[in-house]
Every structure is written in C-alpha cells, then in structure tokens.
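Each remark here refers to the structure printed beneath this line.
The values are calculated or read from the model by the stated rules, or taken from the named source; none is laboratory data. All values derive from a computational prediction rather than experimental measurement. A quick note on method: Cβ atoms are made from the backbone with ideal geometry, for glycine too, and the neighbour counts reach across all protein chains shown. When the accessible area is computed, the model is the full protein with side chains, heavy atoms only, and any ligands, DNA or RNA have been set aside. Shrake-Rupley method; radii C 1.70, N 1.55, O 1.52, S 1.80 Å.
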Amino acid sequence: MAAETLFQRITDYAHRADPYPLYAELREHRVARQEDGSYLVGTYHEIEALLHDPRISSDRRHRTAPDESDPADEALPPAFIGLDDPEHHRLRGLAMHSFGPPHTPGRVDAMHGEITRIVKELLTGLADKERIDIVDDFAYPLPVTVICRLLGVPIEDEPQFRQWSDAIVAGIDPNPKEDPAERQHAAAEARKAMALYLGGLAEKRRDQPSDDMLSAFAAGDGAGGQLTPLDIMSTSVLLLIAGHETTVNLITNGVLTLLRHPDQLARLRSDPALMPRAVEELLRYEPPVQMLPQRTPLADIEVAGLTVPKGAPLILMLASGNRDPERFRDPDRFDPAREDNQHLGFGSGVHSCFGAPLARLEAQIALNALIQNLDAPRLTEDPPPYRRSPVLRGPRHLLVERD
C-alpha cells in the first residue's frame, strides 16, 4: 500500500522542504503504480530511456481521461512543450531558428552584458539592506526582466508582465485558502492577456523590426515555414512562463544550497571559474523542476518489468533520478566540481529544455555576483517556507541577513 500512496505523500506540502527520502523509497520500487492509476518512475536509466522513447507522448489529450482545460486557455493553440512530433518538431524548430544554434548561435551569448547590468542594478538596490529576501528582491525580478528584454518588450511595460506572472504563478502554486477554480481561471486569463499583448507587439515588429526575438518570430525566415500569429503568442508565453519560473527556483535553490555548504561557497568565491560546473551540480542536486507529470504511453509499454497501459498518466520524477546511486557516485553529496554530471535537470530527448542555455547563463552570472557582493550572509530560517508546487520546487521566501 505504501508504494500506491507515494505520489500523494510526495505532493503533500509537509514534505516539500525535503522530498528526497520519499524519492529514495520510490527508487526501491523503480516504478510504482498509484491508487489513481498513474505510474511513477524514479530511477535514472528508466527515466532517460522514456524521455527518448517515441511511444511516450507529451500531449495530455492522449490520456484515457484527459484533463479539463479552462475556456480562457482554449483561445490559444497548445505550446510545443505539450505536443508530439512532427508538430512539436516543426514549432520548436521555428522557434529555435530565432533563439539558438545553428541559425542564431550568438543570441544568448549577446545577452551576457544585459544580464550583468540587470544583476548590478538589483544588487545596487540591496546595498543598504541588512535583511534581503533572495526571492522577492533578486531571483524573481531578474529572469522576467531578462526575458522581456530578449523578446523586445518595452521597459515601461515590464511591470505589467510581473503582474501577469504573479497571477500565472498563483495558478501553479496551490493555496488551500483559495478556490482553485478561481485561481486557475485568473491564471488562464493572465496567460490570455499576455498572449494578446505579445501578439500585438509582434505585429508591430513585422513593420518595424528590431534586434529581438519577437521581430525574428514575425519575420519568419525559418526553412520549415513560418509561425502563425497564434503560434507566436503561445510560443512567446511559453518562453516567458517556463523560463521565468524555472530560473527563479534555480537561483534560489542555489543560494540556499551554498549557504548550507559554507565551505563550498568560500571555494566558489575564491574560484569564480568553477561556477559553470557548480550550476550543473545544482541542477542535479536541487533541480528547479522536480518532475514531468504530463507523459502518456501511446501503447502498452514495459518499464522495469511492469506493464504501463496505453493512456495511463506517466510521471517521471527527475529529481529522484538525479539522486540515483546507480548513476551518480555519492548522489546525496553536493559537489560543485563533480565530473560526469549528465543530470536530468533540463530533461532529455526531443523535449529537453528549450531555454537551458539562457537559464545556465543567468544562474552563473547571478550566483557569482551574489556570493561576491554579500558579506557573511546568514539564513534567518532553515528550512525556509517553500512554494506549494511539488513540480516547480523552490523557496517562496529566502530571508538572508548580512553584516
């Protein structure tokens, strides 16, 4: 019976601060069928194989009992993250043409100076504060500002995006004191408003292009065709929401982990060149995305000796795979110089994280700047209060005092 309630226990907020003992229990079963008919997969090699298996769908509509959607969300086509090939490949390829290699290899690298300037501005605003909330004062505003600049949102409109992001995050982070239907509807309305704004801005860029991604989307010079106005809306919203929330957690989890390991913090402070490897270790050790809950088999499949039926919800526990001792040596130890660190922090396969290069760059710049500028930082509460989402796991607040 214990294995059949694992997902219920993992998603219980009481375990949000430390779900790792439950992940270890899951790995003992490798695959665990739940009371509701879903299946949890917790071991590295099984998860990786499933992420590369064409029989596994990312489209919830293939489930035996598909999720109900809010009418406000039906105004947009699904983003490519929730589609399968060939449509996923077509839309992702058109978006990647404007974002990364081989067609636009320099776009992310060109953001280095802008990200550094934004980080310096945020740190300047913290200069006189003895107590800092790493989330609200730093990790939350940084990625939304970066993505707005990347897309080409005018600076005067950036505050509106933060309001929309707040509403969307509230839809992801359940609050037992609020009506979930109302909260999810408000999130859907915020996504719709954001999409309409970005669609309108893309239309303006069609006639008056500049060096930003919305202009590139509108120009549509990809070899595989052109993004429709609706595709531009859904893709832009995906980039903003997915890129924002994951990066907030990556930075905040990173600060928390380093404060819990002062010897490693001191090591990174004296050797900033180690930060890229440290970020990879943070993605393994405390990944911002703990699980992928939206996979579905297109046929009956066998996983670790257990048959998972067609149409059943399949939940891939990435954070559990990242601590699998069959793949990583001493997996519960934080080692910023770890080698052979092919973690699952950004997924794997055709749905590997689209924005991974930008998230890596933001985290490297942000964490290096923080540890160089914060003198003798101390946690005021450990564990801190966590966000309620078991999928996008990270502290809701992270209060730090300094000398």
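In a solvent-free Debye calculation with one equal scatterer on each Cα, what is log10 I(q)/I(0) for the range 131-170 at q = 0.16, 0.19 Å⁻¹, listed in the order of the q values?
With one equal scatterer per Cα and no solvent, log10 I(q)/I(0) is -0.41, -0.56.
Quick one: pull the percentage of alpha-carbon pairs in the range 244-403 with a separation above 20 Å.
Result: 54 percent of Cα pairs exceed 20 Å.
Would you kindly find the accessible area of H112, with a 1.4 Å probe and non-protein molecules such as ligands, DNA and RNA excluded, rounding to the nearest 10 Å²?
For H112, the solvent-accessible surface is approximately 90 Å².
Over the range 345-403, what lengths in whole Å, largest first, do the semi-axes of the equivalent ellipsoid take, defined as the square roots of 5 times the eigenvalues of the alpha-carbon gyration tensor?
27, 18, 6
Let's test this: bin the Cα-Cα distances of the range 3-62 at 5 Å from zero up to the farthest pair and state each bin's percent.
Here the calculated profile for the range 3-62 is 4, 17, 23, 22, 20, 11, 3, 0.
Compute the convex hull volume of the Cα atoms of the range 93-140, divide it by the residue count, and report the result per residue in Å³ as a whole number.
On the way: hull volume 3.6 nm³, N = 48.
So the per-residue Cα hull volume is 76 Å³.
How many nm separate the modelled label positions at N373 and E401, each set 7 Å beyond the Cα in the direction of the Cβ?
Going from the N373 label point to the E401 one covers 2.2 nm.
How large a share of the accessible area of the chain, in percent, is made up of carbon and sulfur atoms when the probe is 1.4 Å and the other protein chains stay in place?
52
Give me the Kirkwood hydrodynamic radius of the range 336-379 in Å, from all C-alpha pairs, to one decimal place?
Final number for the Kirkwood radius of the range 336-379 is 12.8 Å.
Kirkwood hydrodynamic radius (Cα pairs, Å) of the range 25-158?
19.5
Would you mind getting the Kirkwood hydrodynamic radius of the chain from its Cα pairs, rounded to one decimal in Å?
In the chain this quantity evaluates to 22.0 Å.
With every protein chain kept in place and ligands, DNA and RNA left out, what is the accessible area per residue of the chain? Probe 1.4 Å, answer in Å².
Result: 44 Å² of accessible area for each residue.
Quick one: if you stick a label point 7 Å off each Cα along the C-beta vector at T104 and N341, how many nm between them?
Inter-label distance under the simple model: 2.9 nm.
Would you kindly calculate the translational diffusion coefficient of the range 103-259, applying Stokes-Einstein with the Kirkwood radius from alpha carbon pairs, for 20 °C and a viscosity of 1.002 mPa s, and quote it in µm² s⁻¹ without decimals? Can you show the working numbers first?
Values: Rh = 17.0 Å.
Answer, rounded: 126 µm²/s.
Hey, can you grab everything whose amide H is under 5 Å from the amide H of R295? Only 5+ residues off in sequence or another chain; H modelled, so Pro and N-termini drop out.
L314, L316
Report, as a whole number in µm² per second, the diffusion coefficient that Stokes-Einstein gives for the range 241-291 at 4 °C and 1.567 mPa s using the Kirkwood radius over alpha carbon pairs.
Answer from the Stokes-Einstein relation: 114 µm²/s.
May I ask you to evaluate 6.51 cos²θ - 1.76 cosθ + 1.60, the Karplus curve with θ = phi - 60°, for each residue of the range 346-360 and list the ³J(HN,Hα) values in order in whole Hz, giving x for glycine and proline?
10, x, 6, x, 5, 9, 4, 4, 4, x, 3, x, 5, 4, 4
Using a Förster distance of 51 Å, how high is the FRET efficiency between A127 and K204, based on the Cβ-Cβ distance and rounded to 0.05?
Working from the Cβ atoms, E equals 0.85.
Which three extents, in angstrom, do the Cα atoms of the range 129-220 have along their principal axes, listed largest first?
47, 39, 19
Using the C-alpha atoms of the range 90-169, what convex hull volume per residue, in cubic angstrom, is computed? If you can, show how the numbers build up before the last one.
Details: hull volume 9.1 nm³, N = 80.
Enclosed volume per residue, from the Cα hull, is 114 Å³.
Quick one: putting +1 on the C-beta of Lys and Arg, -1 on the C-beta of Asp and Glu, what dipole do you get for the range 179-294 around its Cα centre, in Debye to the nearest 20?
About 180 debye.
If we restrict to alpha carbons, what Rg and Dmax does the range 166-282 come to, in Å?
When restricted to the Cα atoms of the range 166-282, Rg and Dmax are 19.7, 54 Å.
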